[in-house]
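Report on the structure given below.
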Amino acid sequence: MKLTNYLCLAVVGLVAINGCSNKQPTATKPGKYSSTTGIEYNTEKGMSVANFKKIPEGPGLVFIEGGRTVLGTQEEDVTVSHDNIERTVTIASFYMDEAEVANIHWLEYLHFIRTDSAEEFYKSALPDTTVWARDLSFNDPYVTYYLRYPGFRYFPVVGVSWLQADDYCTWRTAKVNEHLASESGGGKSGGGLFGKKKKKAADGADAGAEGTIGAAGALGNGKSSTSIENGNTLPNYRLPTEAEWEYAAQALVGTQEVGNENQEEKRIYPWDGKSTRNAYGRKMGQFLANFKRGRGDYAGIAGSLNDGAMITEYIYSYPPNDYGLYNMAGNVNEWVQDVYRPLSFQDVEDLNPFRRNGVGDPADKYDKKGYQSLIDDHVRVYKGGSWRDVAYWLSPGTRRFMAEDSATATIGFRCAMINAGSNK
């Protein structure tokens, strides 16, 4: 008898578990048996292990490969805020919307929550269209038409507060996963996500925490075939952290040579060069973003428009950056997750930095009641510059803040998502 056959007979238990193969278990091929207990999966005694190929594709998202970078302002600190000093950090790979959330997307949101959620919540989700109204400017038509007129369908939604944007992310997670479940035979929704027709558990509590994958009205009850363990749901859509947003806007992946671990290039804007104009090809001289060129100049002169947009613009206008993201400078500013603190760069960690509520640098140290400060635990950072901002604010490192329940005609948002189960 050959030695190899003899060994296989001698370790028959191991053969049953792993065979004579040297292949190691992976997320997509975990094997038939547990590599630590030897118990067979998907049996009466064993744990259920679902088939898993990869994370489902999230609508609208593009992959952002993470890595080391230097965050911080690339412009002169003209506001003398000193609130974004350069520092080296590492950002894990993640996904981000390729473009800003548009009016048509918000109208879809309103359509569904009016059907399956409480009327009170529907009213709270309506954008503040009066953000267009100005006492000494005739923007009145935008108050009526900007959100709902078909011509503005793919213009970025504005008049949305940070709180409303955060709710949208919760709804989008539930709705996308509900759709994935229906496609895979997981069943339909069990009721309203935001209050209407919510079923109660036996103890009187809500059947699922609002905004979670098991929430009532999102993906049905716990007996559904849709679950985190099955791998057939997407992780939560959410607002990007400030660090993620700034990293994605830099898009330095486009400057990096393969095999070179030194980051030798930096960018003032989400594109190469020191100018806001295109320096190459047939579109040489054209502006690369929608912003305010100077006092009173929003779009240039008739017959020779520069950025061509008096207000906001089509969300796919202007060239994308090297990650494939549109309008990471200009068009509208964008909400991010972080609470604002001027010393965030000192307080946060250097791996996936994020500034939370109530952690260090407490709000009671800022004299908001005495009007000596605007900072508390309910002001959020926004980034990117807008159609009404000068070029200074187009640089990814610049940052501003506003109360989370406030809205303007210059702030919109896009969603992000973790890259679950992979470092690539």
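The values are calculated or read from the model by the stated rules, or taken from the named source; none is laboratory data. Just so it is clear, the model here is predicted, and its values are computed rather than measured. We place every Cβ from the backbone using ideal geometry, glycine too, and count neighbours over all the protein chains shown.
At-a-glance table
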{"quantity": "A302 vs. criteria out of contact with any helix residue (DSSP H, G or I) (no Cβ under 6 Å at 6 or more places or on another chain) and either surrounded by 14 or more Cβ atoms within 10 Å (Cβ to Cβ) or outside the structural domain of A102 (by TED's automatic domain parsing) (or both)", "calculated": "no"}
{"quantity": "Meets criteria (modelled with pLDDT under 95, closer than 30 Å to E65 by Cα and buried (at least 21 other Cβ atoms within 10 Å of the Cβ)) for Y323", "calculated": "no"}
{"quantity": "Verdict on Y280 being hydroxyl-bearing (S, T, Y), crowded, with 24+ Cβ neighbours inside 10 Å and either touching a Ser or Thr at 6+ places or on another chain (Cβ under 8 Å) or in a loop (DSSP other than H, G, I, E, B) (or both)", "calculated": "no"}
{"quantity": "Of all residues in the range 374-405 being under 23 Å from G296 (Cβ atoms) and in contact with a strand residue (DSSP E or B) (Cβ under 7 Å, 6 or more places away or on another chain), the one that is surrounded by the most Cβ atoms within 10 Å (Cβ to Cβ)", "calculated": "G384"}
{"quantity": "Verdict on T79 being in contact with an Asp or Glu (Cβ under 8 Å, 6 or more places away or on another chain), modelled with pLDDT under 95 and surrounded by fewer than 17 Cβ atoms within 10 Å (Cβ to Cβ)", "calculated": "no"}
{"quantity": "Boolean, S275 is buried (at least 18 other Cβ atoms within 10 Å of the Cβ), more than 19 Å from T410 (Cβ to Cβ) and more than 19 Å from the chain's Cα centre (by Cα)", "calculated": "no"}
{"quantity": "Residue satisfying all of: in the range 161-205; within 29 Å of V332 (Cβ to Cβ) and among the acidic types (D, E); modelled with the lowest pLDDT among these", "calculated": "E178"}
{"quantity": "Per-region count, the range 78-111, residues of a type in the set (S, T, N, Q) and more than 18 Å from the chain's Cα centre (by Cα)", "calculated": "4"}
{"quantity": "Counted residues, the range 104-141 - those being within 17 Å of M310 (Cβ to Cβ) and buried (at least 20 other Cβ atoms within 10 Å of the Cβ)", "calculated": "2"}
